[in-house]
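Let me begin by presenting the structure, written as structure tokens, before commenting on it.
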């Protein structure tokens, strides 16, 4: 019955010294710009005798070291009846000495150039990776193959150098994914001027029909301090796929589904705003459902229309946040191969006629455009394709 | 045993040898990356580092970057609506309109954001310079090295002072914290005001012996760099500030205590601080006089054959415009002032019915400042007996039916009519303010016959005219642009002058203020005090303080009491130093922020006839309301999250 069984476990320490990019290979040395005109000074009768000055891009820091990752893997291989093949892997990684910007250095230090970094971060990641395949020939005319895979990956910061946020604990990155987004919590659209007057102050000039945000720290104004972790990470935590192929006599049929889950994306307000620069088109969905003087829908899809980008609405917020999960029928194929008896008559090795459809179906909560395109629906879309084909071998 | 020991030694040596070998192999430093050490490898580079230290000087007198220019009630300007950006609005106007915030403060010199210079970075650069300058070997001359060290110390003190005046208590950054300092080390505390004051002054005293004398500064290439007189004057300014009501035992700030329990403001008034201020001002004046500084009294060559009214006026205008003159102690050289001159100069003549669009008088005096200037007899217009007896004061906003006669024609255009307010004023009024129908002597027109005049009525050449920059009050300044600039119907030229950061008259007025506060009008220094005040008044064509008040004022006894004299000195200071970026700080120092709540006013600039024009009007449609929080600038909210040892300023 059990044809294959393997249990594997590894534990290892890995160093990562690729902590800077190529340009900053000598990370521990200081780096200065010897000619910076904005740091110059000029004197004399007409205040025009002087030199450009010197500015510091990076300070010397010989305490920089590599990151260390402790990796644990546990995997299982299981084969049943020569037909079923299961591979499962669990992993856990804890990384410390992560090189990160020192957010806790106050400006009174007087530093310039890039923010100094220190090996102060700690994060962990864990996940599973499963694939399950089934393959069987029932007789000489009928065979079946099923495959599926599933990955789940989750990460979070354990230690993150950041300011103490005594009045805004939601600003802290600790405990959140490395791909977490912070943004404002949108409540609704402003109803009228009265509503605006009675609400905390927001950004730039805004009026009725613009987005109203929640004042998390109750200080009467919407500021960076009101940004909270919103949505799932921008890279999906779950990716999966499944499909099957089957053959019966001269016919063959296959399909494959692909999907992802636990991902958020944001409709790009700037890129999809209508009328910008006097030329951008108006999306039908926005035309049908936007706030206007006659249709003061405080939960409309699109806020007040404007010929220019409204700074107030152009903030990362839950208003434009969407669930990026989808399941897609990536490919479906039906084929017919001419029997050998016929082939011989026309002196051919093989002849197959087939029909393929790509991206045929997509299941998603997001309907405006293909969710895989992310925040901007005006880009070149994922294409749906149907092909008829003839495969000839002589 | 012995053998084993030897073996161990050998092994140890081998390990060490291989270890060193490995280190050498890995220690590759690139040749082409300039490091801080490289910036100090010869005199030339070190000098550029010194200039870098200088580059952080706040742009005193700049219309955009100096909050004291236009941040108070001296001037006003319209709001620039988006889409009409050719009419510039300068950033200080936003302070004047009380648009300051804690989330993104204006003129944030703490962080170097939003029109602020990053002064802590400037201080760090001074410290880097001081740490490394002893290592410079190539081409370095020792006398120069000591001078540069003194200059860096001066700048470090100056930057601390600028922050102190803006924020009150500040951290002292005498040495640089290392880049790898722990989180708790970098969270510095604000230090009590008295400690910061003493620190800055000791740093300046330390620098003074090695700073050059004013006469040793080579004007052609070095004018604007620090010298002994500037340092002495700075000490005087700081002592005066520390003695002033804002910080000297002000009860408003007694409860400002940090998380260590340290009180950041003086808890009680210390009258001795005024004595220290007198001393500091006195020694600065003595040094200035030793080095032949004197009030500017030259008569412009252009004017020598002209009427005395014009002669005096040209002298008064050239106090600032004649570059590097005998009165200037420290001139600002870190920006070009052609922008300043462009936006303060009124159009004084017409071009074929069109307007010169490159002259935009948008930064203009308020009616309040116009009224502050004395009468022609050197006393306030609401105190002058002549103004009372002739009802000129009551009628000051009314048009005088009689056109100018006698010497008045040198000040107001013949056969034209204007309000009483513009007649019978002191020479500084006519030298500093451009008003409707006022003669504009100079700027290319140096005789009575050729002199132009302003016409601020709507659609006239100086006045409101949509499509170009205009004055929102119906006035413009004559003060902040050169007397020798020329203006024709199609062009104008600009003569450079360094904006005065300190000039001798300022120092005299500091001294007078300190002496009166320390000992009143009859103390041991009073003769000297009145002598300095009177010197300024004489230069301006006015009689002495006591004489003027006795003869012409409805309050003849005013100079004889401390309170009365205080008022006189403050007013003299406001008039003499008007538009020079002093009043913004003075009002704070005097604990008089309420002054800013007199809503800014001007004439009705849309008026096309004198009758329509001469109506006192508000020039801003919202109500300005400054409160006690505005004495100091707010620290950006985010900084308090990063460093929770910092206390936010009062009221923010």
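Would you mind ranking B:495, B:74 by Cβ crowding within 10 Å, fewest neighbours first?
So the ranking, lowest neighbour count to highest, is B:495, B:74.
For a footprinting-style exposure proxy, rank B:210, B:195, A:210 by other Cβ within 10 Å, fewest first.
Sorted ascending by nearby Cβ count, the order is B:195, B:210, A:210.
Could you give the alpha-carbon Rg of the stretch B:99-203 over 2.2 N^0.38 Å, rounded to two decimals?
Cα-based Rg divided by the globular estimate yields 1.21.
So how tilted is helix B:272-290 from the main axis of chain B? Cα-based, degrees 0 to 90, rounded to 10.
That works out to roughly 80 degrees.
Rounded, prolate or oblate, given the Cα gyration tensor of the stretch B:564-652, with a/c below 1.5 counting as rounded? Numbers along the way, then the final one.
Numbers: a/c = 3.26, a/b = 1.67, b/c = 1.95.
Judged from the Cα gyration tensor, the stretch B:564-652 comes out oblate (a/c at least 1.5, b/c at or above a/b).
Taking the stretch A:262-392, how much of its Cα-Cα pair set, in percent, is spaced more than 25 angstrom apart?
Numbers: 4046 of 8515 pairs.
Distances greater than 25 Å cover 48 percent of the Cα pairs.
Counting just the Cα atoms, what span does the stretch A:161-280 cover along each of its three principal axes? Round to the nearest Å and put the largest first.
Computed over the Cα atoms, the extents are 75, 45, 24 Å.
How compact is the stretch A:92-165 by the rule of thumb for globular proteins, expressed as Cα Rg over 2.2 N^0.38 Å?
Compactness ratio reported: 2.14.
Under a crude label model (7 Å from the Cα following the beta-carbon direction), how far is residue A:84 from residue B:114 in nanometres?
Going from the residue A:84 label point to the residue B:114 one covers 6.5 nm.
Calculate the spin-label point distance for residue B:399 paired with residue B:618, positioning each point 7 Å from the Cα along the beta-carbon direction, and give it in nanometres.
2.7 nm
Calculate the FRET efficiency for residue A:384 and residue A:13 from the Cβ-Cβ distance with a Förster distance of 51 Å, rounded to the nearest 0.05.
Once rounded, the FRET efficiency stands at 0.60.
Once both labels are modelled 7 Å past Cα along the beta-carbon direction, what's the residue B:604-residue A:165 spacing in nm?
5.5 nm
If one takes the longest principal axis of the Cα atoms in chain B, at what angle in degrees, from 0 to 90 and to the nearest 10, does the Cα axis of helix B:562-576 lie?
So the helix axis and the longest Cα principal axis differ by about 90 degrees.
So for chain B, Kirkwood radius off the Cα pairs, Stokes-Einstein at 10 °C and 1.306 mPa s: how many µm² s⁻¹?
Values: Rh = 27.0 Å.
For the chosen part, D equals 59 µm²/s.
For the stretch B:237-343, what class follows from the C-alpha gyration tensor (a ≥ b ≥ c being the square roots of its eigenvalues): rounded when a/c is under 1.5, otherwise prolate if a/b is larger than b/c, else oblate?
Prolate shape, in that a/c is at least 1.5 and a/b is the bigger ratio.
Per-residue mean of other chain beta-carbon atoms within 10 angstrom of the beta-carbon, peptide B:46-57?
6
Mind sorting A:32, A:174, B:188 by how few other Cβ atoms lie within 10 Å of their own Cβ, fewest first?
Numbers: A:32 23, A:174 13, B:188 17.
Fewest to most other Cβ atoms nearby, the residues stand as A:174, B:188, A:32.
Return, for the Cα atoms of the stretch A:188-243, the radius of gyration and Dmax in Å, separated by a comma.
Reported Rg and Dmax, both Å: 17.1, 57.
Under 19 Å from the 7 Å Cα→Cβ point of residue A:191, by amide nitrogen: which residues of the stretch A:208-252?
Within reach of a label on residue A:191: A:208-215.
Based on the Cβ-Cβ distance of residue A:65 and residue A:139, what FRET efficiency does E = 1/(1 + (r/R0)^6) give at R0 = 56 Å, to the nearest 0.05?
That gives a FRET efficiency of 0.30.
How far is helix B:504-519 tilted off the main Cα axis of chain B, in degrees rounded to 10, range 0 to 90?
Between the helix axis and the principal axis of chain B, the angle is about 90 degrees.
Take the alpha carbon gyration tensor of the stretch A:18-83, find the square roots of its eigenvalues, order them as a ≥ b ≥ c, and report rounded if a/c is under 1.5; if not, report prolate when a/b exceeds b/c, else oblate.
prolate
Compare A:73, A:82, A:36 in a GNM of chain A, Cα atoms joined below 10 Å, and give the one with the largest fluctuation.
A:36
Distance between Cα centroids, the stretch A:168-240 to the stretch B:592-634: provide it in whole Å.
38 Å
So what is log10(I(q)/I(0)) for the protein assembly as shown at q = 0.07, 0.10 1/Å, when the Debye sum runs over its Cα atoms only?
-0.80, -1.32
The numbers here are math on the coordinates, done by the rules we state, and not lab data. Fair warning: this is a prediction, and the values are worked out from it, not measured in the lab. Every residue, glycine among them, receives a Cβ derived from its backbone with ideal geometry; neighbour counts consider all protein chains shown.
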